[in-house]
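The values are calculated or read from the model by the stated rules, or taken from the named source; none is laboratory data. For clarity, every value in this text was computed on a predicted model and none was experimentally measured. Neighbour counts are summed over all protein chains in view; Cβ atoms, including those assigned to glycine, are modelled from backbone coordinates with ideal geometry. Remember, those area values only see protein heavy atoms, side chains included, never the ligands or the DNA or RNA. Shrake-Rupley method; radii C 1.70, N 1.55, O 1.52, S 1.80 Å.
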Amino acid sequence: MAVGAVIVAAGRGTRLGAALKKAYVPLGGRPLLLWSLAVFARRYPPERIVLVVHPEEGERTAALLAAEGYAGLKIAFGGPRRQDSVLAGARALTEAVEFVLVHDAARPFVSPELIARVEAALGPGRAVVPVVPVKETIKRLHPADGALRPVAETPPRSALAAAQTPQGFDRRALIAALEAAAAEGREVTDEATLFEGGGRSAVAVPGEEINLKVTTPLDLILAETILRQGGRS
């Protein structure tokens, strides 16, 4: 089966507090987006990879890819929401691509083994989500205006998991689900949510704790520490 990848690098990364957009913030002396891109580029030919970036970053990205030798890799421009960026990337893939892995460029330590686990679970009309166990006890809170929010419940930790990327999809089913969500005015932060019911299915595979997402300055410090300790070469 033909599998491709959409690497989402279109966010501004305001929580990181950097002068650059997050995908271009240095990690180990290299722009953040290059770490995961290198892993996917060793697995898929360039015509089956789409890098989705902010519309303001087209020239910078094209120059960066040329300098790194990524000829033939497609660039698409993201929208105001993550789901808009994913839709742009999925549409930009060649029609020969039947399944797509959607990955956050902010997760620099994705491994070939994790990609392979997601690929192995792909199927028609299905979403595949890598997950890791939740360590902390989770509290669901009632909405409130003040600082003190009432606790609604404590769901059992054994039933909870934290979602990661890359998430795998039937590409045409993903496009249809995202288009339907746009038409309905529905907003999601995780595309696999659209496959939970409604004739589609979502399944989980084991993720990896090292597959962290760089969101805050502390995350960046942790990622730099992992590199210094040789956690990912």
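In square nanometres, what is the average projected area of the Cα convex hull of region 1-121?
Its Cα hull, projected and averaged over all orientations, spans 7.3 nm².
Just checking the listed ones, Gly72, Gly89, Gly198: in the Gaussian network model of the chain with Cα springs under 10 Å, the one fluctuating most is Gly198. On a per residue basis, region 109-233 carries 56 Å² of accessible surface, using protein heavy atoms and a 1.4 Å probe. Karplus-derived 3J(HN,Hα) values for region 177-194, using 6.51 cos²θ - 1.76 cosθ + 1.60 with θ = phi - 60°, are 5, 5, 5, 5, 4, 5, 5, 8, x, 8, 10, 10, 9, 9, 5, 5, 3, 6 Hz; glycine and proline are entered as x. A crude spin-label estimate for the pair Arg30 and Ser201, with each label 7 Å from Cα along the Cβ direction, gives 3.8 nm.
Using Cα pairs under 8 angstrom and six or more residues apart, how large is the relative contact order of region 1-108, in percent?
Numbers: 194 pairs, mean separation 46.2, N = 108.
Here the relative contact order equals 43 percent.
Computed from label points 7 Å out along Cα-Cβ, the spacing between Glu98 and Ala67 is 4.0 nm. In the frame of its principal axes, region 150-190 has Cα extents of 38, 24, 12 Å, reported largest first.
Over the chain, dividing the summed -39,500 (n - 2.57) contributions of all DSSP H runs of at least 4 residues by the number of residues returns a 222 nm mean residue ellipticity of -8500 deg cm²/dmol. A Gaussian network model of the chain, with springs between Cα atoms under 10 Å, assigns the largest mean-square fluctuation among Ala163, Ala71, Ala105 to Ala71. Can you list the aspartates and glutamates whose alpha carbon sits under 14 Å from that of Lys139, skipping same-chain ones fewer than 8 residues off? Within the straight-line cut-off, Lys139 pairs with Glu153.
Taking the protein heavy atoms of region 1-159 in the context of the full set of protein chains, the accessible area attributed to carbon and sulfur is 54 percent at 1.4 Å.
Here the label points at Glu209 and Ala2, each 7 Å from Cα along the C-beta direction, are separated by 4.0 nm in the simple model.
The antiparallel fraction among DSSP beta bridges confined to the chain stands at about 40%. Considering only Asp190, Asp104, Asp145, the mean-square fluctuation computed in a Gaussian network model of the chain, springs between alpha carbons under 10 angstrom, is largest for Asp145.
Evaluated with a Cβ-only charge set (Lys, Arg +1; Asp, Glu -1), the chain carries a dipole of roughly 360 debye about its Cα centre, given to the nearest 20. Based on the Cβ-Cβ distance of Leu148 and Thr189, what FRET efficiency does E = 1/(1 + (r/R0)^6) give at R0 = 25 Å, to the nearest 0.05? Here the calculated transfer efficiency is 0.40. Directionally averaged projected area (region 52-201, Cα convex hull): 12.2 nm².
Contour minus end-to-end for Ile221 and Thr137, with contour as 0.36 nm per residue of separation and end-to-end as the Cα-Cα distance? Walk me through the intermediate numbers first.
On the way: separation 84, 0.36 × 84 = 30.24 nm, distance 2.49 nm.
Here the segment from Ile221 to Thr137 would lengthen by 27.7 nm.
Hey, could you get me the Stokes-Einstein D for region 121-233, Kirkwood radius over alpha-carbon pairs, 25 °C and 0.890 mPa s, rounded to whole µm² s⁻¹?
Numbers: Rh = 16.9 Å.
Answer from the Stokes-Einstein relation: 145 µm²/s.
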